[in-house]
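Engineer: Here it is, the structure, as C-alpha coordinates.
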Amino acid sequence: MKADIRGISYHYEHFGQGEPLLLLHGFTGSMDTWRFFSDALPNKYHLIFVDIIGHGKTDCPTQPERYTMSEVVEDLVALLDLLHLSKAHVLGYSMGGRLALNFACQFPERVLSLMLESASPGLKSEEERRLRRAHDQKLAESILEEGITSFVDRWEMLALFASQKQLPERKRKALRKQRLANTPSGLACSLIGMGTGAQPSRWSQLSFLSMPVLLITGEQDLKFCKIAEEMKTRLSRAEWQLVKNSGHAVHLEQARLYPELIADFVTCHSPGIQKEDI
(Lines give C-alpha, C1' and ligand atoms only; values in the text may rest on other atoms or scores of the structure.)
Protein backbone atom coordinates (compact mmCIF):
# COMPACT_ATOMS: atom_id res chain seq x y z
CA MET A 1 0.00 0.00 0.00
CA LYS A 2 1.05 3.60 -0.58
CA ALA A 3 0.03 6.66 1.40
CA ASP A 4 1.08 10.30 1.38
CA ILE A 5 2.30 10.97 4.89
CA ARG A 6 3.42 14.51 5.57
CA GLY A 7 4.51 14.95 1.96
CA ILE A 8 6.31 11.59 1.69
CA SER A 9 4.98 8.59 -0.22
CA TYR A 10 5.24 5.78 2.32
CA HIS A 11 5.04 2.09 1.48
CA TYR A 12 3.37 0.02 4.19
CA GLU A 13 1.22 -3.04 4.76
CA HIS A 14 -1.14 -4.00 7.56
CA PHE A 15 -3.22 -7.07 8.19
CA GLY A 16 -4.61 -9.26 10.95
CA GLN A 17 -6.88 -8.63 13.90
CA GLY A 18 -6.34 -7.78 17.54
CA GLU A 19 -3.47 -6.00 19.22
CA PRO A 20 -1.63 -3.57 16.87
CA LEU A 21 2.08 -4.31 16.47
CA LEU A 22 4.23 -1.81 14.56
CA LEU A 23 7.51 -3.30 13.26
CA LEU A 24 10.51 -1.12 12.36
CA HIS A 25 13.44 -2.56 10.37
CA GLY A 26 17.12 -1.69 10.55
CA PHE A 27 19.44 0.34 8.31
CA THR A 28 19.67 -1.10 4.77
CA GLY A 29 16.56 -3.18 5.47
CA SER A 30 12.90 -2.95 4.50
CA MET A 31 9.56 -4.28 5.66
CA ASP A 32 10.61 -7.63 4.16
CA THR A 33 12.70 -8.03 7.32
CA TRP A 34 9.50 -9.05 9.11
CA ARG A 35 7.82 -11.27 6.51
CA PHE A 36 8.35 -14.36 8.66
CA PHE A 37 6.02 -12.86 11.27
CA SER A 38 3.07 -13.36 8.94
CA ASP A 39 3.23 -17.15 9.36
CA ALA A 40 4.91 -17.33 12.76
CA LEU A 41 2.41 -15.30 14.77
CA PRO A 42 -1.23 -16.27 15.25
CA ASN A 43 -4.03 -14.04 14.03
CA LYS A 44 -4.27 -12.21 17.34
CA TYR A 45 -2.28 -9.24 16.10
CA HIS A 46 -2.77 -6.37 13.72
CA LEU A 47 0.67 -6.37 12.09
CA ILE A 48 1.92 -3.10 10.61
CA PHE A 49 4.95 -3.25 8.31
CA VAL A 50 6.49 -0.04 6.95
CA ASP A 51 9.48 0.87 4.81
CA ILE A 52 11.21 3.62 6.80
CA ILE A 53 12.00 6.80 4.84
CA GLY A 54 14.96 6.28 2.49
CA HIS A 55 14.43 2.52 2.43
CA GLY A 56 12.54 -0.02 0.36
CA LYS A 57 9.72 1.47 -1.70
CA THR A 58 9.19 4.56 0.45
CA ASP A 59 10.30 7.90 -0.99
CA CYS A 60 13.92 9.03 -0.68
CA PRO A 61 13.89 12.84 -0.47
CA THR A 62 17.25 14.51 -0.99
CA GLN A 63 17.11 16.69 2.14
CA PRO A 64 18.78 14.89 5.11
CA GLU A 65 16.88 17.13 7.53
CA ARG A 66 13.67 15.33 6.51
CA TYR A 67 15.19 12.11 7.91
CA THR A 68 15.73 13.30 11.49
CA MET A 69 14.34 11.13 14.27
CA SER A 70 11.78 13.75 15.28
CA GLU A 71 10.50 14.05 11.69
CA VAL A 72 10.24 10.29 11.16
CA VAL A 73 8.53 9.82 14.52
CA GLU A 74 5.91 12.34 13.37
CA ASP A 75 5.49 10.21 10.22
CA LEU A 76 4.82 7.12 12.33
CA VAL A 77 2.23 8.97 14.40
CA ALA A 78 0.53 10.05 11.16
CA LEU A 79 0.56 6.43 9.97
CA LEU A 80 -1.14 5.25 13.16
CA ASP A 81 -3.68 8.04 12.75
CA LEU A 82 -4.30 6.93 9.17
CA LEU A 83 -5.03 3.43 10.48
CA HIS A 84 -7.26 4.85 13.25
CA LEU A 85 -5.00 3.46 15.96
CA SER A 86 -4.56 5.45 19.15
CA LYS A 87 -1.83 3.13 20.47
CA ALA A 88 0.37 0.25 19.34
CA HIS A 89 2.99 -2.15 20.57
CA VAL A 90 6.23 -1.03 18.89
CA LEU A 91 9.12 -3.31 17.93
CA GLY A 92 12.35 -2.04 16.37
CA TYR A 93 15.65 -3.58 15.31
CA SER A 94 18.93 -1.63 15.40
CA MET A 95 18.19 1.68 13.59
CA GLY A 96 14.51 0.78 13.86
CA GLY A 97 15.05 0.22 17.58
CA ARG A 98 16.48 3.71 17.96
CA LEU A 99 13.48 5.02 16.04
CA ALA A 100 11.10 3.03 18.27
CA LEU A 101 12.76 4.44 21.39
CA ASN A 102 12.53 8.00 20.07
CA PHE A 103 8.86 7.36 19.29
CA ALA A 104 8.30 6.26 22.89
CA CYS A 105 10.13 9.31 24.25
CA GLN A 106 8.21 11.78 22.08
CA PHE A 107 4.78 10.12 22.24
CA PRO A 108 4.70 7.75 25.24
CA GLU A 109 0.90 7.87 25.27
CA ARG A 110 0.84 6.12 21.87
CA VAL A 111 2.96 3.13 22.98
CA LEU A 112 1.42 0.07 24.64
CA SER A 113 4.76 -1.69 25.00
CA LEU A 114 8.23 -1.22 23.57
CA MET A 115 10.51 -3.95 22.21
CA LEU A 116 14.09 -3.02 21.33
CA GLU A 117 16.36 -5.48 19.54
CA SER A 118 20.06 -4.56 19.45
CA ALA A 119 19.23 -0.90 19.98
CA SER A 120 20.81 2.07 21.71
CA PRO A 121 19.56 5.32 23.31
CA GLY A 122 22.36 7.08 21.43
CA LEU A 123 25.78 8.41 22.30
CA LYS A 124 26.14 10.11 25.67
CA SER A 125 28.45 13.05 24.93
CA GLU A 126 28.37 15.76 22.30
CA GLU A 127 31.99 14.94 21.38
CA GLU A 128 31.06 11.31 20.68
CA ARG A 129 28.13 12.48 18.57
CA ARG A 130 30.31 14.97 16.67
CA LEU A 131 32.85 12.29 15.77
CA ARG A 132 30.10 9.88 14.73
CA ARG A 133 28.44 12.52 12.53
CA ALA A 134 31.76 13.11 10.78
CA HIS A 135 32.18 9.35 10.25
CA ASP A 136 28.64 8.95 8.91
CA GLN A 137 29.09 11.95 6.59
CA LYS A 138 32.14 10.29 5.01
CA LEU A 139 30.33 6.98 4.74
CA ALA A 140 27.36 8.69 3.09
CA GLU A 141 29.67 10.35 0.58
CA SER A 142 31.28 7.03 -0.25
CA ILE A 143 27.86 5.46 -0.91
CA LEU A 144 27.04 8.21 -3.39
CA GLU A 145 30.45 8.02 -5.06
CA GLU A 146 30.94 4.24 -5.21
CA GLY A 147 27.36 2.98 -5.51
CA ILE A 148 25.19 0.59 -3.57
CA THR A 149 26.97 -2.66 -4.47
CA SER A 150 30.37 -1.49 -3.26
CA PHE A 151 28.83 -0.19 -0.05
CA VAL A 152 26.94 -3.42 0.66
CA ASP A 153 30.13 -5.41 0.05
CA ARG A 154 31.87 -3.41 2.79
CA TRP A 155 28.81 -3.33 5.07
CA GLU A 156 28.56 -7.11 5.10
CA MET A 157 32.17 -7.37 6.24
CA LEU A 158 31.63 -5.39 9.45
CA ALA A 159 32.49 -7.30 12.63
CA LEU A 160 28.97 -6.50 13.85
CA PHE A 161 27.58 -8.93 11.29
CA ALA A 162 30.23 -11.65 11.54
CA SER A 163 27.79 -14.18 13.00
CA GLN A 164 25.56 -13.83 9.92
CA LYS A 165 28.17 -15.73 7.91
CA GLN A 166 26.86 -18.86 9.62
CA LEU A 167 23.38 -18.40 8.17
CA PRO A 168 22.15 -20.73 5.42
CA GLU A 169 23.08 -19.50 1.94
CA ARG A 170 19.45 -18.79 0.98
CA LYS A 171 19.07 -16.45 3.98
CA ARG A 172 22.31 -14.65 3.21
CA LYS A 173 21.26 -14.18 -0.41
CA ALA A 174 17.84 -12.87 0.62
CA LEU A 175 19.43 -10.42 3.05
CA ARG A 176 21.89 -9.17 0.43
CA LYS A 177 19.05 -8.74 -2.09
CA GLN A 178 17.13 -6.69 0.46
CA ARG A 179 20.15 -4.44 1.07
CA LEU A 180 20.87 -3.97 -2.65
CA ALA A 181 17.25 -2.95 -3.31
CA ASN A 182 17.85 0.36 -1.53
CA THR A 183 19.12 3.50 -3.25
CA PRO A 184 22.45 5.26 -2.60
CA SER A 185 20.72 8.60 -1.96
CA GLY A 186 18.21 7.08 0.47
CA LEU A 187 20.88 5.36 2.54
CA ALA A 188 23.19 8.39 2.45
CA CYS A 189 20.46 10.76 3.68
CA SER A 190 19.40 8.24 6.31
CA LEU A 191 22.94 8.09 7.69
CA ILE A 192 23.22 11.87 7.84
CA GLY A 193 19.70 12.57 9.10
CA MET A 194 18.99 9.74 11.54
CA GLY A 195 22.36 8.12 12.20
CA THR A 196 23.56 7.47 15.74
CA GLY A 197 25.50 10.73 15.82
CA ALA A 198 22.59 12.78 14.49
CA GLN A 199 20.00 11.61 16.99
CA PRO A 200 19.74 13.17 20.46
CA SER A 201 20.88 11.10 23.40
CA ARG A 202 17.92 9.49 25.15
CA TRP A 203 19.81 8.07 28.14
CA SER A 204 18.49 10.68 30.55
CA GLN A 205 14.88 10.02 29.50
CA LEU A 206 14.86 6.26 30.09
CA SER A 207 13.83 6.60 33.72
CA PHE A 208 10.72 8.55 32.68
CA LEU A 209 9.35 5.81 30.41
CA SER A 210 6.53 3.99 32.17
CA MET A 211 5.52 1.47 29.50
CA PRO A 212 6.84 -2.12 29.66
CA VAL A 213 10.08 -2.54 27.69
CA LEU A 214 11.68 -5.69 26.33
CA LEU A 215 15.39 -5.52 25.50
CA ILE A 216 16.68 -8.24 23.15
CA THR A 217 20.34 -8.91 22.36
CA GLY A 218 22.36 -11.80 21.01
CA GLU A 219 24.99 -13.19 23.35
CA GLN A 220 27.71 -12.74 20.71
CA ASP A 221 26.94 -9.02 20.31
CA LEU A 222 28.99 -7.84 23.29
CA LYS A 223 28.66 -4.12 22.55
CA PHE A 224 24.88 -4.15 22.57
CA CYS A 225 24.70 -6.56 25.49
CA LYS A 226 26.59 -3.98 27.54
CA ILE A 227 24.23 -1.24 26.35
CA ALA A 228 21.16 -3.35 27.21
CA GLU A 229 22.54 -4.13 30.66
CA GLU A 230 22.86 -0.42 31.45
CA MET A 231 19.50 0.43 29.89
CA LYS A 232 17.78 -2.13 32.11
CA THR A 233 19.09 -0.40 35.23
CA ARG A 234 17.54 2.91 34.11
CA LEU A 235 14.16 1.67 32.90
CA SER A 236 11.42 1.15 35.47
CA ARG A 237 9.65 -1.77 33.73
CA ALA A 238 12.27 -3.55 31.64
CA GLU A 239 13.05 -7.17 30.84
CA TRP A 240 16.20 -8.30 29.07
CA GLN A 241 16.34 -11.40 26.90
CA LEU A 242 19.88 -12.56 26.14
CA VAL A 243 19.57 -14.96 23.19
CA LYS A 244 22.13 -17.73 22.78
CA ASN A 245 23.83 -18.58 19.48
CA SER A 246 23.08 -15.17 18.04
CA GLY A 247 24.75 -11.90 17.18
CA HIS A 248 23.31 -8.49 16.26
CA ALA A 249 20.35 -9.67 14.15
CA VAL A 250 18.55 -11.96 16.59
CA HIS A 251 15.36 -12.01 14.49
CA LEU A 252 17.36 -13.39 11.58
CA GLU A 253 19.69 -15.75 13.39
CA GLN A 254 17.05 -17.20 15.72
CA ALA A 255 13.97 -16.85 13.54
CA ARG A 256 12.07 -19.72 15.19
CA LEU A 257 12.55 -18.49 18.73
CA TYR A 258 12.10 -14.78 18.05
CA PRO A 259 8.32 -14.63 17.34
CA GLU A 260 7.67 -16.57 20.53
CA LEU A 261 9.66 -14.02 22.55
CA ILE A 262 7.62 -11.19 21.04
CA ALA A 263 4.27 -12.98 21.39
CA ASP A 264 4.90 -13.82 25.05
CA PHE A 265 5.83 -10.24 25.88
CA VAL A 266 2.94 -8.64 23.97
CA THR A 267 0.50 -11.11 25.53
CA CYS A 268 1.67 -10.27 29.04
CA HIS A 269 1.06 -6.59 28.39
CA SER A 270 -2.17 -6.78 26.40
CA PRO A 271 -5.37 -6.75 28.45
CA GLY A 272 -7.30 -7.92 25.38
CA ILE A 273 -5.32 -11.17 24.99
CA GLN A 274 -5.35 -14.12 27.33
CA LYS A 275 -2.40 -16.50 27.50
CA GLU A 276 -4.56 -19.47 26.48
CA ASP A 277 -5.48 -17.65 23.24
CA ILE A 278 -1.90 -17.95 21.96
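The values are calculated or read from the model by the stated rules, or taken from the named source; none is laboratory data. Being a predicted model, the structure only gives us computed values, none of them experimental. Neighbour counts run over all protein chains shown; Cβ positions are idealised from the backbone, glycine included. Just the protein is used for accessible areas: all its heavy atoms, side chains included, with ligands, DNA and RNA removed. Shrake-Rupley method; radii C 1.70, N 1.55, O 1.52, S 1.80 Å.
To keep it simple, each residue is scored yes or no on (1) outside any helix (DSSP H, G or I); (2) at pLDDT 95 or above.
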position	(1), (2)
TYR12	yes, yes
GLY29	yes, yes
SER38	no, no
ASN43	yes, no
LYS57	yes, yes
GLU65	no, yes
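Engineer: Here's a follow-up. Working carefully through the options GLN220, GLN241, find the one that is of a type outside the set (Val, Ile, Thr) and in a strand (DSSP E or B).
Structural biologist: It is GLN241.
Engineer: May I ask you to list pairs of residues, at least six apart or on different chains, whose Cβ atoms are under 9 Å apart, with the first in the stretch 168-180 being free of Cβ contacts under 8 Å to residues at least 40 places away in the same chain and the second being among the aliphatic types (A, V, I, L, M) and part of a helix (DSSP H, G or I)?
Structural biologist: Close Cβ pairs (under 9 Å, with a partner that is among the aliphatic types (A, V, I, L, M) and part of a helix (DSSP H, G or I)) amount to ARG176/VAL152; LEU180/ILE148; LEU180/VAL152.
Engineer: Please specify each residue of the stretch 119-134 satisfying the condition of being surrounded by fewer than 14 Cβ atoms within 10 Å (Cβ to Cβ) and of a type outside the set (S, T, N, Q).
Structural biologist: Once the filter is applied, which keeps residues that are surrounded by fewer than 14 Cβ atoms within 10 Å (Cβ to Cβ) and of a type outside the set (S, T, N, Q), the stretch 119-134 yields LYS124, GLU126, GLU127, ARG130, LEU131, ALA134.
Engineer: While we're here: Does at least one position in the stretch 260-272 carry a residue that is open to solvent by 30 Å² or more (accessible area, probe 1.4 Å), over 15 Å from MET115 (Cβ atoms) and either without any contact (Cβ under 8 Å) to a residue 40 or more places away in the chain or in a helix (DSSP H, G or I) (or both)?
Structural biologist: Initial filter on the stretch 260-272 (open to solvent by 30 Å² or more (accessible area, probe 1.4 Å)): 260, 264, 268-269, 271-272.
With over 15 Å from MET115 (Cβ atoms) added as a condition, the list becomes 271-272.
This time we only want the ones that are either without any contact (Cβ under 8 Å) to a residue 40 or more places away in the chain or in a helix (DSSP H, G or I) (or both), so: 271.
The answer is yes, given that some residue of the stretch 260-272 is open to solvent by 30 Å² or more (accessible area, probe 1.4 Å), over 15 Å from MET115 (Cβ atoms) and either without any contact (Cβ under 8 Å) to a residue 40 or more places away in the chain or in a helix (DSSP H, G or I) (or both).
Engineer: Can I ask one more? Got a number for residues in the stretch 119-138 being part of a helix (DSSP H, G or I) and touching a Lys or Arg at 6+ places or on another chain (Cβ under 9 Å)?
Structural biologist: Within the stretch 119-138, residues that are part of a helix (DSSP H, G or I) and touching a Lys or Arg at 6+ places or on another chain (Cβ under 9 Å) number 0.
Engineer: Being touching a residue at least 40 places away in the same chain (Cβ under 8 Å), out of contact with any Phe, Trp or Tyr (no Cβ under 9 Å at 6 or more places or on another chain), closer than 24 Å to VAL152 by Cα and of a type in the set (Val, Ile, Thr): is that true of THR28 here? Lay out the reasoning, then the answer.
Structural biologist: Numbers: touching a residue at least 40 places away in the same chain (Cβ under 8 Å): yes; out of contact with any Phe, Trp or Tyr (no Cβ under 9 Å at 6 or more places or on another chain): no; closer than 24 Å to VAL152 by Cα: yes; of a type in the set (Val, Ile, Thr): yes.
Here the answer is no, as THR28 does not meet what is asked.
Engineer: Could you look through the stretch 95-118, keep only residues that are free of Cβ contacts under 8 Å to residues at least 40 places away in the same chain and part of a helix (DSSP H, G or I), and pick out the one that is most open to solvent (accessible area, probe 1.4 Å)?
Structural biologist: Restricting attention to the stretch 95-118, the residues satisfying the condition of being free of Cβ contacts under 8 Å to residues at least 40 places away in the same chain are 103, 106-107, 109-110.
Add one more test, that the residue is part of a helix (DSSP H, G or I), and what stays is 103, 106, 109-110.
Working: PHE103: 0, GLN106: 58, GLU109: 103, ARG110: 34 Å².
The residue in question is GLU109.
Engineer: When the residues of the stretch 61-77 are filtered to those that are open to solvent by less than 30 Å² (accessible area, probe 1.4 Å) and touching a Lys or Arg at 6+ places or on another chain (Cβ under 8 Å), which remaining residue is farthest from GLN199 (Cα to Cα)?
Structural biologist: Let us first name the residues in the stretch 61-77 that are open to solvent by less than 30 Å² (accessible area, probe 1.4 Å), namely 61, 67, 69, 72-73, 75-77.
Adding the requirement that they be touching a Lys or Arg at 6+ places or on another chain (Cβ under 8 Å) leaves 69, 75, 77.
Values: MET69: 6, ASP75: 16, VAL77: 18 Å.
Within the stretch 61-77, the match that is farthest from GLN199 (Cα to Cα) is VAL77.
Engineer: Still on this structure: So, MET231, is that one of a type in the set (A, V, I, L, M) and within 13 Å of ALA119 (Cβ to Cβ) or not?
Structural biologist: Here the answer is yes, as MET231 does meet what is asked.
Engineer: Spot the failing condition for GLY92; the list is (1) of a type in the set (Gly, Ala, Ser); (2) part of a helix (DSSP H, G or I); (3) touching a residue at least 12 places away in the same chain (Cβ under 8 Å), and only one is missed.
Structural biologist: (2)
Engineer: Okay, moving on. Sort through ALA40, ALA78, ALA100 and tell me the only one that's over 17 Å from the mean Cα position of the chain (by Cα), closer than 22 Å to THR217 by Cα and of a type in the set (A, V, I, L, M, F, W, C).
Structural biologist: ALA40
Engineer: Further question: Confirm whether THR58 is farther than 18 Å from ARG176 by Cα and surrounded by fewer than 20 Cβ atoms within 10 Å (Cβ to Cβ).
Structural biologist: Considered against the rule, which asks whether it is farther than 18 Å from ARG176 by Cα and surrounded by fewer than 20 Cβ atoms within 10 Å (Cβ to Cβ), THR58 comes out as no.
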